[in-house]
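Novice: Dropping a structure here in structure tokens format, bear with me for questions.
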Amino acid sequence: MADPTTPAVLIDLDVVRRNIRRFQDYADAHGLRVRPHIKTHKLPAIARMQLAAGAIGVTCQKVSEAEAMIEGSPDIRDVLITYNIIGAEKLAHLVGLARRVALSVVADSETVVEGLSGAFAGEPAPLRVLVECNTGADRCGVATPEAAAVLARQIAAAPGLAFGGLMTYPPAGGVEKVQEFMARAKALIEEAGVPVPVVSSGGTPSMTSAARAPVTTEYRPGTYVYNDRSLVARGVCGWEDCALTVLATVVSVPAANRAIIDAGSKALTSDLLGLTGYGHVLGRPDIAIDQLSEEHGRLVSERPIGLTVGETVRVVPNHACVVTNMVDEVHVVEGGEVAGTWRVAARGCIT
């Protein structure tokens with residue numbers, strides 16, 4: 001197959017399969033169910049790989065994302081949407097989803113619960129709702145186990161809803177807080193006579209510590225399927241574990257220590273995630289990508305850069321998940337060769 005026109009996103013399927021298998025084996029060994037977050041790849045074909053390896057279902061972030069994934073793969077039969085669903089149009093779509101698959105969502109306030117209940121009160125089957133808990137990431141989630149217990153009882157009593165359990169997205173290294181918070185919340189809810197069937201946690205940076213929170217029943221890794229520069233920097237993986245790279249062409253070498261590639265912020269993302277620079281050039285640890293504009297990436301080195309116009313480089317981006325959502329298709333690689341292209345089915349599905 002001809003070389004892709006750059007900038008191009010390459011997905012090494014051999015690495016993808018290895019990454020999926022590695023965490024599935026860990027989870028199986030520790031009695032954890034795996035529910036991977038598909039926001040990283042947005043590809044039904046990779047979701048099928050994850051399900052075939054042993055995942056119990058998938059996690060999606062938005063309603064439209066879940067719709068696109070289900071449309072692309074009838075194998076997806078169990079979906080958790082880890083986002084507060086608000087608004088009549090989104091709730092109507094949610095009802096449609098629940099008629100097609102086993103569906104769960106989350107809530108962290110009575111207002112969200114009331115909206116869900118209003119949409120599902122007339123449905124033949126209740127919607128499972130998990131209470132989202134803040135275990136240190138300070139994003140969404142109820143602040144205390146006591147608040148989780150109050151909201152769980154409200155969900156259990158709401159028409160059209162069933163309490164589905166507890167969910168959190170902790171910060172990296174926050175596994176002990178997950179155990180402390182969730183165990184206390186679970187005990188309080190069960191004391192009120194309400195079962196807690198699921199305790200769901202997630203996050204690739206801490207995935208190999210997940211078993212240190214034994215209260216957790218399922219885990220939602222996302223970036224693990226590709227990995228990226230931020231995870232290499234955290235010591236979670238090596239460059240050989242990074243399945244997603246951006247192939248870019250050198251378009252200018254205006255100085256001995258500087259080159260410009262045709263991948264800018266629209267291909268590599270401007271996310272820093274605490275890092276310096278905007279990606280890692282494979283095989284060239286001396287090179288830094290120190291500046292991005294929309295269509296230009298600036299490569300610099302403290303020694304002669306040794307690149308020529310027309311040469312290609314492969315870049316591991318800081319954050320793989322954002323890159324996925326910026327391209328219509330990815331080029332899949334097997335056995336070191338480009339084997340074809342896959343459309344990113346859930347690209348742009350942010351509602």
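Novice: Determine, yes or no, whether residue 271 is within 16 Å of residue 233 (Cα to Cα) and either among the charged types (D, E, K, R) or at pLDDT below 95 (or both).
Specialist: yes
Novice: Quick one: how many residues across region 148-181 are hydrophobic (A, V, I, L, M, F, W, C) and part of a helix (DSSP H, G or I)?
Specialist: 11
Novice: Scan region 227-246 and give yes if some residue there is at pLDDT 95 or above, farther than 27 Å from residue 338 by Cβ and in contact with a strand residue (DSSP E or B) (Cβ under 6 Å, 6 or more places away or on another chain), otherwise no.
Specialist: Within region 227-246 (the criterion being at pLDDT 95 or above, farther than 27 Å from residue 338 by Cβ and in contact with a strand residue (DSSP E or B) (Cβ under 6 Å, 6 or more places away or on another chain)), the answer is no, since none of the residues qualifies.
Novice: Looking at 73, 109, which one is under 16 Å from residue 39 (Cβ atoms), surrounded by fewer than 20 Cβ atoms within 10 Å (Cβ to Cβ) and out of contact with any Phe, Trp or Tyr (no Cβ under 9 Å at 6 or more places or on another chain)?
Specialist: Checking each option against the conditions leaves just 73.
Novice: Being crowded, with 23+ Cβ neighbours inside 10 Å and either farther than 20 Å from residue 216 by Cα or among the aliphatic types (A, V, I, L, M) (or both) is the filter here, so list the residues in region 126-141 that pass it.
Specialist: Selection gives 127, 129, 130, 131.
Novice: Which strands (runs of 3 or more DSSP E) sit wholly inside region 280-336 and have at least 3 residues that are within 19 Å of residue 242 (Cβ to Cβ) and without any contact (Cβ under 8 Å) to a residue 60 or more places away in the chain?
Specialist: Counting at least 3 such residues, we get 287-292.
The values are calculated or read from the model by the stated rules, or taken from the named source; none is laboratory data. Bear in mind the structure is a predicted one, so any value in this text is a computation, not a measurement. In this analysis, Cβ positions are derived from the backbone assuming ideal geometry, glycine residues included, and neighbour counts consider all displayed protein chains.
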